[in-house]
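Asker: The structure follows.
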Amino acid sequence: MTWDASLLWQFDFLILLMVIICAVAALTFKDLITSAVVFGAYSFLMCLLWTEMLAVDVAFTEAAVGAGVSTVFFLGTALHIKRRAKD
Amino acid sequence: MKLLSLVISLTLGFLLLLATADLPDWGDPQSPASIHVSNYYIENSVEQTSVPNFVTSVLADYRGYDTMFETIVIFCAGITVLTILRRSHRQKKKEVRPRPAREGKDLILISAARIIAPMMQIFALYVVAHGHHSPGGGFQGGVILGSSFILLALAYDLETILKRLKERSVIIMSGIGVAIYMGIGMICLFLGGNFLDYSAWSSVLGVSAVEARSHGMLGVEIGVAVTVMYIMFSLYADLSSGGEMDEGL
Amino acid sequence: MNEILTAIIAKYNYWSFLILLLIGLHAMISKNNLVKKVIGMSIFQSAIILFYVSIGYKKGATIPITEHGHGHANEVVHQTAAEMVAGFANPLPHVLMLTAIVVGVGTLGVALALVQKIHRVYGTIEEDEILEKIKE
């Protein structure tokens, strides 16, 4: 099975756009828990992007690590510190 | 500060933008990264190691040193977090915790977690064992195994899980994972091969040298999975309870 | 017009990686909150991983897993070496980045542990307030 590159790039472009939006949003939100969850979404979109770039092992790792475990780490930290950020 | 950072970022961005002109086109099969050593792996992986997933064969066999020290880095990260956050018994209960206390237990969450956690563990074992033929391997399987325990710790509380999975045994087991990896490599030395050259195992296992490399990879993947699983749980336990090991998130 | 479009399609993955890298760098320098700095560090890291993975992509290739397996190593391989090289994506960047992601979660854990320790000692994680408390 091969990929048709001409069909691919619009899809690719859409995911890249959403990745950048998620990255900016995760840094903009003042509530740290919201930021952590949006960052989980960012990781998951990144995982989609890597599946499409034929890196299935990397995507699998990112789905388990980035979208799963590191979100929990951020949430665990956010509950131990002041939840509201100044910027 | 914001202006300075913007200037730094934009300058760096401009320089890198100039550099992209010299980089190869996207998806070019003749790009410099794809015409040297990686072709050797693609051509010879199945013949030399009988592993169809090139990523696994490069990870665990051709570049075994790399992965060994990555595992040690994970181990060190777990120990570092423990050292930074863990309080001694004298320091405990001096300050008020900022987070709210946990109220009761959620029946729905517990019932769901009790069904999901065993399935996650079985799937994780499949991912570790089937990493030769499909996406997966020690790192992914270890993370999924660790997150099944994290799920249980979220549904019950951390203390309940720590009764089954003692803190001391978590640290010892994560060390054992590294020891499995290095032990398999060391035994290769005594069997007459190089360090991490699994074909030396063929005389012990009673299979051909090619098969022995495949089995050796499975062995080191198990070592990686053990380390990653226990360190992931240890990181969760330390970070979610602030090093107090009480009730967790 | 068409040539410009092909030129953009040929290079735009580098630009997107560049944008993510700059977002991460800017956040690491200018954000006041330490957790936001850590998020910026993770974005910076995944931009670099994206760069490496996109290097490994080949047009017309498939994922780097062959169909020969399950003990069929001795069967005749019907592809020539050149066909195999063109047919599979470059596995080397995938290997390097796979370990980088897992090491990344280790460094993330250490960074968050340091943030918690700072909060325990100074009572805040805003950079300017910490600097004031150090001066006192």
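The values are calculated or read from the model by the stated rules, or taken from the named source; none is laboratory data. No experiment lies behind these values; they were computed from the predicted model shown. Cβ sites come from the backbone with ideal geometry, for glycine too, and all protein chains shown count toward neighbours. Heavy atoms of the whole protein, side chains included, go into the accessibility calculation; ligands, DNA and RNA do not. Shrake-Rupley method; radii C 1.70, N 1.55, O 1.52, S 1.80 Å.
Asker: For C:Phe88, which sequence-distant residues (separation of 5 or more, or a different chain) have an amide H within less than 5 Å of its own amide H, given hydrogens modelled in the peptide plane?
Answerer: Correct list: C:Thr62.
Asker: To continue, here is another question. When Cβ neighbours within 10 Å are restricted to other protein chains, what is their mean count per residue of peptide B:5-12?
Answerer: Numbers: counts 7, 4, 0, 5, 10, 2, 0, 5.
Mean number of neighbouring Cβ atoms from other chains: 4.
Asker: If I model a spin label as a point 7 Å beyond the Cα along the Cα-Cβ vector, how far apart are those points for B:Arg87 and C:Asp128 in nm?
Answerer: Computed distance between label sites B:Arg87 and C:Asp128 equals 3.0 nm.
Asker: Would you mind checking the radius of gyration and Dmax of segment B:170-214 based on alpha-carbon positions, in Å?
Answerer: When restricted to the Cα atoms of segment B:170-214, Rg and Dmax are 11.9, 36 Å.
Asker: Oh, and also: From the alpha carbon gyration tensor of segment B:122-169, can you work out the equivalent ellipsoid semi-axes (sqrt of 5 times each eigenvalue) and give them in Å, largest to smallest?
Answerer: On the way: eigenvalues 135, 22, 9 Å².
Semi-axis lengths for segment B:122-169 are 26, 11, 7 Å.
Asker: With every protein chain in place, what's the accessible area of C:Phe17 (1.4 Å probe, Å², nearest 10)?
Answerer: Here the accessible area works out near 20 Å².
Asker: Oh, and also: For B:His130, B:His36, give the ranking by accessible area with the largest first, probe 1.4 Å. Before the final figure, lay out each step's value.
Answerer: Numbers: B:His130 50, B:His36 130 Å².
In descending accessible area the options line up as B:His36, B:His130.
Asker: What's the total accessible area buried between chains B and A, using a 1.4 Å probe, rounded to the nearest 100 Å²?
Answerer: Details: alone 15210 and 6300 Å², together 19800 Å².
So the buried area, both faces added, is about 1700 Å².
Asker: Kirkwood Rh over alpha-carbon pairs of chain B, then Stokes-Einstein at 4 °C and 1.567 mPa s: what D in µm² s⁻¹, rounded to an integer?
Answerer: Working: Rh = 21.3 Å.
Stokes-Einstein gives a translational diffusion coefficient of 61 µm²/s.
Asker: Placing unit charges on C-beta atoms (Lys and Arg positive, Asp and Glu negative, everything else neutral), compute the dipole magnitude of the protein assembly as shown about its Cα centre in debye, rounded to 20. Walk me through the intermediate numbers first.
Answerer: Values: 33 positive and 38 negative charges, 481 e Å.
In debye, rounded to 20, the protein assembly as shown gives about 2320.
Asker: Right, something else. Ignoring any ligand, DNA or RNA, what whole percent of the accessible area of the protein assembly as shown comes from carbon and sulfur when the probe is 1.4 angstrom? Mind dumping the intermediate values first?
Answerer: Numbers: 14450 of 21290 Å².
Summing carbon and sulfur atoms, their accessible area is 68 percent of the total for the protein assembly as shown.
Asker: May I ask for the equivalent-ellipsoid semi-axes of segment B:1-75, computed as the square root of five times each C-alpha gyration tensor eigenvalue and listed largest first in whole Å? Before the final figure, lay out each step's value.
Answerer: On the way: eigenvalues 270, 93, 11 Å².
Three semi-axes, in Å: 37, 22, 8.
Asker: Could you tell me the accessible area of C:Ile118 in Å² (1.4 Å probe, neighbours in place), rounded to the nearest ten?
Answerer: Only protein atoms counted, so the area is about 50 Å².
Asker: Quick one: Cα centre-to-centre distance for segment C:83-136 and segment A:30-45, in angstrom?
Answerer: About 15 Å separates the Cα centre of segment C:83-136 from the one of segment A:30-45.
Asker: Summarise the partner chain shielding of B:235-246 as one whole number: the mean count of Cβ atoms from other chains within 10 Å of each residue's Cβ. Provide the component values of the computation, followed by the final result.
Answerer: Numbers: counts 12, 5, 1, 6, 14, 7, 2, 10, 5, 0, 0, 0.
Rounded to a whole number, the mean comes out at 5.
Asker: Given labels modelled 7 Å from the Cα in the Cβ direction, how far is it in nm from B:Asp246 to C:Ile29?
Answerer: 4.2 nm
Asker: At 25 °C and 0.890 mPa s, grab the translational diffusion coefficient of the protein assembly as shown from Stokes-Einstein with a Kirkwood Rh over Cα pairs, rounded to a whole number in µm² per second. Before the final figure, lay out the partial values.
Answerer: Numbers: Rh = 23.6 Å.
Reported coefficient: 104 µm²/s.
Asker: Then there is this: Enumerate the helices in chain B for which the Kyte-Doolittle hydropathy averages 0.0 or more and the C-alpha atoms extend at least 15 Å along the helix's axis, using complete DSSP H runs. Don't skip to the end; give the middle numbers.
Answerer: On the way: long enough: B:2-20 (26 Å, 2.12); B:37-49 (16 Å, -0.73); B:64-85 (32 Å, 1.54); B:107-129 (34 Å, 2.01); B:138-155 (26 Å, 1.72); B:167-190 (34 Å, 1.65); B:209-241 (48 Å, 0.95).
TM-like helix candidates: B:2-20, B:64-85, B:107-129, B:138-155, B:167-190, B:209-241.
Asker: Please work out the Kirkwood hydrodynamic radius for segment A:29-81, using every pair of different C-alpha atoms, and report it in angstroms with one decimal place. Mind dumping the intermediate values first?
Answerer: Details: mean 1/r = 0.0883 Å⁻¹.
After inverting the pairwise mean of 1/r, the radius is 11.3 Å.
Asker: Rounded if a/c is under 1.5, else prolate if a/b beats b/c, else oblate: with a ≥ b ≥ c from the C-alpha gyration tensor eigenvalues square-rooted, which is chain C? Write down the numbers at each step before the final one.
Answerer: On the way: a/c = 6.67, a/b = 1.95, b/c = 3.42.
Oblate, because a/c is 1.5 or more while a/b does not exceed b/c.
Asker: Enter the buried accessible area of the C/A pair, total of both sides, probe 1.4 Å, in Å² rounded to the nearest 100. Provide the component values of the computation, followed by the final result.
Answerer: Working: alone 10390 and 6300 Å², together 12580 Å².
Roughly 4100 Å² of accessible surface disappears when C and A pair.
Asker: Could you work out the helix-only [θ] at 222 nm for chain B, with each DSSP H run of four or more residues adding -39,500 (n - 2.57) and the total divided by the number of residues, to the nearest 500 deg cm²/dmol?
Answerer: Values: 10 runs with 167 residues, N = 249.
Counting only the DSSP helices, I get -22500 deg cm²/dmol.
Asker: Can you compute the charge dipole magnitude of chain C about its Cα centre, using +1 on each Lys and Arg Cβ and -1 on each Asp and Glu Cβ, nothing else charged? Give it in debye, rounded to the nearest 20. Write down the numbers at each step before the final one.
Answerer: Working: 10 positive and 10 negative charges, 48 e Å.
Value, rounded to 20: 220 debye.
Asker: Radius of gyration and Dmax for segment B:131-207's Cα atoms, expressed in Å?
Answerer: Over segment B:131-207's Cα set, Rg and Dmax evaluate to 17.4, 50 Å.
Asker: Which value in nm describes the separation of the simple spin-label points at B:Phe69 and C:Thr6, placed 7 Å from the Cα toward the beta carbon?
Answerer: 4.4 nm
Asker: Using the heavy atoms of the protein chains alone and a 1.4 angstrom probe, what is the accessible area of the protein assembly as shown per residue in square angstrom? Provide the component values of the computation, followed by the final result.
Answerer: Numbers: 21290 Å² over 472 residues.
Accessible surface, normalised per residue, equals 45 Å².
Asker: Next up: What is the angle, in °, between the Cα long axis of helix C:91-122 and the longest principal axis of the Cα atoms in chain C? Nearest 10 is fine, range 0 to 90.
Answerer: 10 degrees
Asker: Please list, by residue number, everything in segment C:25-48 whose backbone N is under 14 Å from a paramagnetic label point 7 Å out along Cα→Cβ of B:Ser5.
Answerer: Residues passing the 14 Å test: C:25-44.
Asker: Moving on to the next point. What number, rounded to the nearest 500 deg cm²/dmol, is the helix-based mean residue ellipticity at 222 nm of chain A, given -39500 (n - 2.57) per DSSP H run of at least four residues and division by all its residues? Mind showing how you got there, number by number?
Answerer: Working: 4 runs with 63 residues, N = 87.
Helices in chain A give a 222 nm mean residue ellipticity of -24000 deg cm²/dmol.
Asker: Quantify how strongly other chains surround peptide C:124-132 by giving the mean number of their Cβ atoms within 10 Å of each of its Cβ atoms. Intermediate values should be presented prior to the final figure.
Answerer: Values: counts 3, 6, 4, 3, 2, 1, 0, 0, 0.
Going residue by residue through C:124-132 and averaging, the value is 2.
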